[in-house]
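Only one structure is covered here, and it is reproduced in the block below.
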Amino acid sequence: MKNFEGKTAVITGAASGIGKALAEKFAKEKMQVVLADIEEEALEKTVENLRQYQHRVIGIKTDVLVEESIEELFAKANEEYGNIHILCNNAGIGANSGNKAIWEIDKNDWDWVMGVNYQAVLHGLQAFIPHMLEHGEEGHVVTTVSLAGLMPGAGTYGVSKHAVMALTEALSRDLVARGAKINASVLCPGFVDTNIDNSERNRPNHLGKSEEVVPPVGAEIMSAMLRQGKKPEEVADIVYEAIKENIFYILSHPAWDDSLRSHFENILSRKEINKASEEEMVKFFQPREDGEKY
């Protein structure tokens, strides 16, 4: 997709973090932008800020856990701006399962993480793709995955991200097989300065609260890693260029390349999964000489 001006983008999780940065980037490129988020106050503030610069944007409160809410998002976006060209399935949450083994994690935790990180993306595709195929214009779908979708471990979060990675890979193949003018990408960032470490704030009451939280030291380390990560605006610029160049795997953090290479070499070696060494973890807290961030 080369031409953005006058086209329409829909972004979930758009009130903060990467989603907000994507909305700002697309708006600056003279697109019509639909921002969707469950946090109504933050959503309204973001929309108001963008409108101050005469951008054509609207905000729609959306609970991606609810399929009907995603369908309503599509209907309202289509009613407001007509044809939709870019869909960013960006809404996502971090997991908070503490030190539990994968088989010990509560059903409510699984339902929440898989509901937001996987099922919501599937429902987004089901709601938007038929329309994007029908109008026949160029389009693009970006799914925010994570490097956790390419690496082992990471508990429920990792499972959800591997699932949505496989879903988007299947989507891409199906679009190609049907000769569609729509392309797809998976955004796989490392650490980004967002508030995903505070995902519990949006956990619905009917799914309760996590029975076991991450120990304070672990939570502090995660927050520190995120604050030291790339700015969402940097990631949004990378995504924009990837859409223009039709890049499927958007690896925004080259500092992780060696870890990815090691992981896939390990797969091909037929060996058991290796634990990351203590030395490898320590390096994440040390600035790189080239300034690249994890």
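Summary of computed values
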item	result
Selection within region 118-168 - outside any helix (DSSP H, G or I) and touching a His at 6+ places or on another chain (Cβ under 8 Å)	Glu137, Glu138, Gly139, His140, Leu150, Met151, Pro152
Only listed residue being more than 26 Å from Ser199 (Cα to Cα) and touching a strand residue (DSSP E or B) at 6+ places or on another chain (Cβ under 6 Å), chosen from Lys76, Lys30	Lys76
Members of region 89-112 that are assigned to a loop (DSSP other than H, G, I, E, B), without any contact (Cβ under 8 Å) to a residue 60 or more places away in the chain and within 16 Å of Lys161 (Cβ to Cβ)	Ile105
Sole residue being farther than 21 Å from Phe128 by Cβ, modelled with pLDDT of 95 or more and assigned by TED's automatic domain parsing to the domain that holds Glu220, chosen from Lys30, Lys76	Lys30
Count - residues of region 106-131 that are among the β-branched types (Val, Ile, Thr) and more than 11 Å from Tyr157 (Cβ to Cβ)	2
Wholly enclosed helices (runs of 4 or more DSSP H) of region 1-88 bearing at least 1 residues closer than 18 Å to Pro232 by Cβ	17-28, 40-51
Count of residues meeting criterion [over 17 Å from the mean Cα position of the chain (by Cα) and of a type outside the set (A, V, I, L, M)] in region 156-187	5
First in region 44-55 and within 16 Å of Val34 (Cβ to Cβ), second anywhere and part of a helix (DSSP H, G or I), Cβ under 6 Å, 6 or more apart	Thr46/Lys20; Leu50/Ala27; His55/Ala27
Lone unmet requirement of (1) among the polar types (S, T, N, Q); (2) modelled with pLDDT under 95; (3) surrounded by 21 or more Cβ atoms within 10 Å (Cβ to Cβ) for Thr12	(2)
Criterion: of a type in the set (D, E, K, R), within 20 Å of the chain's Cα centre (by Cα) and within 26 Å of Ile250 (Cβ to Cβ) - qualifying residue of Glu67, Glu29, Glu24	Glu24
Out of Ser210, Ser223, Ser259, Ser199, sole residue that is at pLDDT below 95 and assigned to a loop (DSSP other than H, G, I, E, B)	Ser210
Check on Gly115, surrounded by fewer than 22 Cβ atoms within 10 Å (Cβ to Cβ) and in a loop (DSSP other than H, G, I, E, B)	no
Subset of region 79-119 [under 30 Å from Lys30 (Cβ atoms) and under 22 Å from the mean Cα position of the chain (by Cα)]	Ile84, His85, Ile86, Leu87, Cys88, Asn89, Asn90, Ala91, Gly92
Conditions (1) farther than 19 Å from Leu251 by Cα; (2) in contact (Cβ under 8 Å) with a residue 60 or more places away in the chain; (3) aromatic (Phe, Trp, Tyr); number of the one not met by Tyr157	(1)
Criterion: surrounded by fewer than 21 Cβ atoms within 10 Å (Cβ to Cβ) and out of contact with any strand residue (DSSP E or B) (no Cβ under 7 Å at 6 or more places or on another chain) - qualifying residue of Ile93, Ile70, Ile105	Ile105
Condition check for Glu44: closer than 16 Å to Gln126 by Cβ and surrounded by fewer than 19 Cβ atoms within 10 Å (Cβ to Cβ)	no
Test result for Gly136, in contact (Cβ under 8 Å) with a residue 12 or more places away in the chain and either touching a Pro at 6+ places or on another chain (Cβ under 7 Å) or loosely packed, with under 15 Cβ neighbours inside 10 Å (or both)	yes
Breaking point among (1) more than 18 Å from Ala15 (Cβ to Cβ); (2) buried (at least 22 other Cβ atoms within 10 Å of the Cβ), for Val34	(1)
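The values are calculated or read from the model by the stated rules, or taken from the named source; none is laboratory data. Fair warning: this is a prediction, and the values are worked out from it, not measured in the lab. Heads up, the Cβs are rebuilt from the backbone with ideal geometry, glycines too, and the neighbour counts pull from every protein chain shown.
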